[in-house]
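The values are calculated or read from the model by the stated rules, or taken from the named source; none is laboratory data. Computed from a predicted model, the values in this text were never measured in an experiment. Please note: Cβ atoms are built from the backbone with ideal geometry, for glycine as well, and neighbour counts cover all protein chains shown. Heavy atoms of the whole protein, side chains included, go into the accessibility calculation; ligands, DNA and RNA do not. Shrake-Rupley method; radii C 1.70, N 1.55, O 1.52, S 1.80 Å.
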Amino acid sequence: MTSLEALIEALRRLPGVGQKSAQRMAYHLLQHDREGAQQLAQALQGAAAHIGHCGRCHTFSETQLCGICADEQRDGKLLCVVETPADQAALERTGSFRGYYFVLLGRVSPLDGIGARQIGAEQLLERAQDGKVEEVILATSFTAEGEATAHVLGEALRSRGMRATRLARGVPIGSELEYVDLGTIAHALVDRR
């Protein structure tokens, strides 16, 4: 395999990147942006070598504790459970949550043989019962797997006397009802306040 073929194959590993897109990226980097190619290579190598997982919440971190877990100004009574570090970053960008997080690094998927144990449910239950947490917010996606994950975790938390809540779902801000899918409208009616 040539270096060019190896580069194209490596780029194909990215989500949503097929053969043609990978080829375009490789050709662009090599033909128009060699400096960018070097920068990308160094950044990937550095990230792979230095970024691990926070020992407390499992998000990406270069230190034992991420910046959020190390921040003592956050509300220790609230623990928000998300599927991925990307989900945590999205919630953080809203600026509306000041509690702590627990990143599952996946979701329950019985068809793929992924159960609660494989996504870290035991560690979550341990963390939720630290004596400080009063509410666990289940912020998993609203896919079938995300719903199953929220259900399994919610039941496990409630059986231990913990308060587990789920993110609300409904009509997006700024949307017109005629263009919103029927499932979203139905859930908005059920979850109305």
Note to self: Below 12 angstrom from the Cβ of Q23, what's the summed charge of the other residues (Lys, Arg +1; Asp, Glu -1)?
What the structure shows: +1
Notebook entry, point to check: Using a simple spin-label model with points 7 Å from Cα along the Cα→Cβ vector, what separation in nm is obtained for Q129 and A188?
Noted result: 4.0 nm
Notebook entry, point to check: About the Cα centre of the chain, what is the dipole size in debye to 20, counting +1 per Lys and Arg Cβ and -1 per Asp and Glu Cβ, all else neutral?
Noted result: 180 debye
Checklist line | Ranking by accessible area, most exposed first, for F97, F60, F142, F102 with a 1.4 Å probe | finding: F60, F142, F97, F102
Note to self: Using amide H atoms built in the peptide plane, which far-off residues or other-chain residues are under 5 Å from R163 H to H?
What the structure shows: V136
Next item on the list: For the range 9-17, take each phi angle, set θ = phi - 60°, evaluate the Karplus expression 6.51 cos²θ - 1.76 cosθ + 1.60, and give the result in whole Hz per residue in order, putting x for glycine and proline.
Entry: 5, 5, 5, 5, 6, 5, x, x, 9
Next item on the list: Would you check the accessible area of D191, probe 1.4 Å, heavy atoms only, in square angstrom rounded to 10?
Entry: 70 Å²
Next item on the list: Over the chain, calculate the relative contact order: mean separation of alpha carbon pairs under 8 Å at least 6 apart, over the residue count, as a percent.
Entry: 13 percent
Checklist line | the range 89-105 residues near the modelled S175 label - backbone nitrogen below 20 Å, point 7 Å along Cα→Cβ | finding: 90-91, 94
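Rounded to the nearest 500, what is the 222 nm mean residue ellipticity of the chain from helices alone, with -39500 (n - 2.57) per DSSP H run of 4+ residues and division by all residues? Could the numbers behind the result be given before it?
Values: 8 runs with 88 residues, N = 193.
Calculated from helices alone, the mean residue ellipticity at 222 nm is -14000 deg cm²/dmol.
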Item checked: Residues whose placed amide H lies under 5 Å from that of I114, excluding near-sequence neighbours -> S109
Next item on the list: Taking all protein chains together and a probe of 1.4 Å, list L124, L30, L44 from the most accessible to the least accessible.
Entry: L44, L30, L124
Check: What's the FRET efficiency of A70 with S21 using the Cβ-Cβ distance as r and R₀ = 30 Å, to the nearest 0.05?
Finding: 0.20
Notebook entry, point to check: Using 0.36 nm per residue, how much length does the chain from S96 to A10 gain when fully extended, once their Cα-Cα distance is taken away?
Noted result: 27.2 nm
Item checked: Contact order normalised by residue count of the range 124-193, Cα under 8 Å, 6+ apart, percent -> 28 percent
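Take V103, V180 and sort them by solvent-accessible surface of the protein heavy atoms, 1.4 Å probe, largest at the top.
So the residues, ranked largest to smallest area, are V180, V103.
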Notebook entry, point to check: Can you give the charge dipole size of the range 91-136 about its Cα centre, rounded to the nearest 20 debye, using +1 on the beta carbon of Lys and Arg and -1 on the beta carbon of Asp and Glu?
Noted result: 140 debye
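Considering only DSSP beta bridges whose two residues both sit in the range 43-155, what percent are antiparallel, to the nearest 5?
25 percent
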